[in-house]
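Asks: Below: one structure in structure tokens.
The values are calculated or read from the model by the stated rules, or taken from the named source; none is laboratory data. The model shown is predicted, which means the values in this text are computed figures rather than measured ones. Here the Cβ positions follow ideal geometry from the backbone for every residue, glycine too, while neighbour counts run over all protein chains shown. Surface areas here come from the heavy atoms of the whole protein model, side chains and all, with no ligands, DNA or RNA. Shrake-Rupley method; radii C 1.70, N 1.55, O 1.52, S 1.80 Å.
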Amino acid sequence: MTEMTAPEIAVVGPGGVGTFFAAHLAAAGHAVVACARRPFTQYVVDSDRASVTAPARVATDPEQLEGPVPWVLVGVKAHQTDGAGPWFDRLCGPGTTIVVMQNGVEGAERLAPHAHGAEILPTVVYCGTELAAPGHTVHARAGHLFTPDVAAAHRLAELFAGTRAEIRPTAGYVDEAWRKLGLNVVVNGLTALTDRPIAVVADEPLRTVARGILAECWAVGRAEGSTLTDDGIEPLLTGLGGAPGITSMLQDRRAGRSTEHDALYGAVVRGGIRHGIPTPLNQAVGALLAGGDPG
Ligand SMILES: NC(=O)c1ccc[n+]([C@@H]2O[C@H](COP(=O)([O-])OP(=O)(O)OC[C@H]3O[C@@H](n4cnc5c(N)ncnc54)[C@H](OP(=O)(O)O)[C@@H]3O)[C@@H](O)[C@H]2O)c1
């Protein structure tokens, strides 16, 4: 697209997750623009229960858009955030709400340098997807975002009303964020470093390592206000041991791409330093992953 128009919603980084949420908004009739590196003309969500197609408006250069816009949904991976800075410079201002659809617990801090006065709404993403081609995502499970229980989250939920993508504002957001980070620090590193599926967590002695990684993570989480206790560790590990599939970090590793190790393990280590909690396992796994990243 080349015309200078102000959309209602910009989705920066329409990958697996971004395309899922952009497609549902576009199909519901909202004025959405996908801010992408590669052009496409149509959204396709392939799914058992949330399939949708819709025409896509796509910009590949921030200069093609007028901003600021009311909503900016962030779908780039955590380590790609600064690279997407020119989009945020163009699209964000005091009337904007930035919705951070990324793993990890530091979304608000990560986007703060790019906000230009915008409100930042962190989320916990449950949306099993993989980008098959630009604009085309294959959806396998879930399709919702947990958010803090704030006014912006309820306005966001209204945007998605009637769609198969759901916004779930919750007073228990801190617990949701650390539950998901715990899950991520267990499965992502262990699958990527062993080149094995998620069920690798069931194998001793990896289950022992997983137990230690999770205990460190949730100890930091409690210091940050979560109420998750170590009673939840064994049930979570048992569930993961029976889970199908591989992780996106293993996919990234196999494809020779950088991984989100800093947004996951780095977040635990930084939190540990803030609160005086040792996190040697998270530090070690993060360092091993960083050492395997390209460049
Ligand atoms: N996918 C899942 O199942 C899932 C589930 C839960 C949470 N998450 C989290 O959700 C976040 C997004 O994951 P994802 O799987 O959707 O990632 P993804 O498929 O890799 O999507 C990221 C997209 O951002 C685009 N991008 C990167 N830099 C850009 C830039 N400067 N300008 C415009 N576009 C740019 C990429 O473009 P190209 O396509 O050209 O590379 C890609 O399409 C991550 O934090 C992830 O951990 C993912």
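Asks: What tally of residues in region 272-283 results from selecting those that are farther than 15 Å from Gly182 by Cβ and either within 23 Å of the chain's Cα centre (by Cα) or surrounded by 15 or more Cβ atoms within 10 Å (Cβ to Cβ) (or both)?
Replies: So the first thing to find is which residues in region 272-283 are farther than 15 Å from Gly182 by Cβ, and the list is 273-276, 278, 280, 283.
Next, only the ones that are either within 23 Å of the chain's Cα centre (by Cα) or surrounded by 15 or more Cβ atoms within 10 Å (Cβ to Cβ) (or both) stay: 283.
Residues that pass the stated criteria total 1.
Asks: Sticking with this one: Every residue in region 117-134 that is within 11 Å of the ligand (Cβ to nearest atom) and either surrounded by fewer than 21 Cβ atoms within 10 Å (Cβ to Cβ) or assigned to a loop (DSSP other than H, G, I, E, B) (or both), please. Before the answer, list the steps.
Replies: Residues of region 117-134 within 11 Å of the ligand (Cβ to nearest atom): 123-134.
Hits for region 117-134 are Thr123, Tyr126, Gly128, Glu130, Leu131, Ala132, Ala133, Pro134.
Asks: For region 216-261, enumerate the residues that are surrounded by 14 or more Cβ atoms within 10 Å (Cβ to Cβ) and of a type in the set (S, T, N, Q).
Replies: Hits for region 216-261 are Ser226, Thr247, Ser248, Gln251, Ser258, Thr259.
Asks: Oh, and also: What number of residues in region 256-271 are assigned to a loop (DSSP other than H, G, I, E, B) and within 19 Å of the chain's Cα centre (by Cα)?
Replies: The number of residues fulfilling the criteria is 4.
Asks: Restricting to region 272-286, count the residues that are within 16 Å of Gly212 (Cα to Cα) and either in a helix (DSSP H, G or I) or modelled with pLDDT under 95 (or both). Spell out the reasoning first.
Replies: Keep residues of region 272-286 that are within 16 Å of Gly212 (Cα to Cα), which gives 272, 277-286.
Filter again for either in a helix (DSSP H, G or I) or modelled with pLDDT under 95 (or both), leaving 272, 280-286.
So the answer is 8.
Asks: How many residues does region 193-215 contain that are assigned to a helix (DSSP H, G or I) and open to solvent by 10 Å² or more (accessible area, probe 1.4 Å)?
Replies: As a first pass, look at region 193-215 and keep what is assigned to a helix (DSSP H, G or I): 193-194, 198-202, 206-215.
Filter once more, so that each one left must be open to solvent by 10 Å² or more (accessible area, probe 1.4 Å): 193-194, 198-199, 202, 206-209, 211-212, 215.
Number of matching residues: 12.
Asks: Next question. Could you look through region 96-112, keep only residues that are closer than 10 Å to Thr123 by Cα and aliphatic (A, V, I, L, M), and pick out the one that is nearest to the ligand (Cβ to nearest atom)?
Replies: Met101
Asks: If you go through region 62-73 one residue at a time, do you hit one that is more than 16 Å from Leu131 (Cβ to Cβ), near the ligand (Cβ under 10 Å from one of its atoms) and of a type outside the set (Ser, Thr, Tyr)?
Replies: Filtering region 62-73 down to residues more than 16 Å from Leu131 (Cβ to Cβ) leaves 62-72.
Subset that is near the ligand (Cβ under 10 Å from one of its atoms): 62.
Pick out the ones that are also of a type outside the set (Ser, Thr, Tyr) and you get 62.
Scanning region 62-73, I find at least one residue that is more than 16 Å from Leu131 (Cβ to Cβ), near the ligand (Cβ under 10 Å from one of its atoms) and of a type outside the set (Ser, Thr, Tyr), so the answer is yes.
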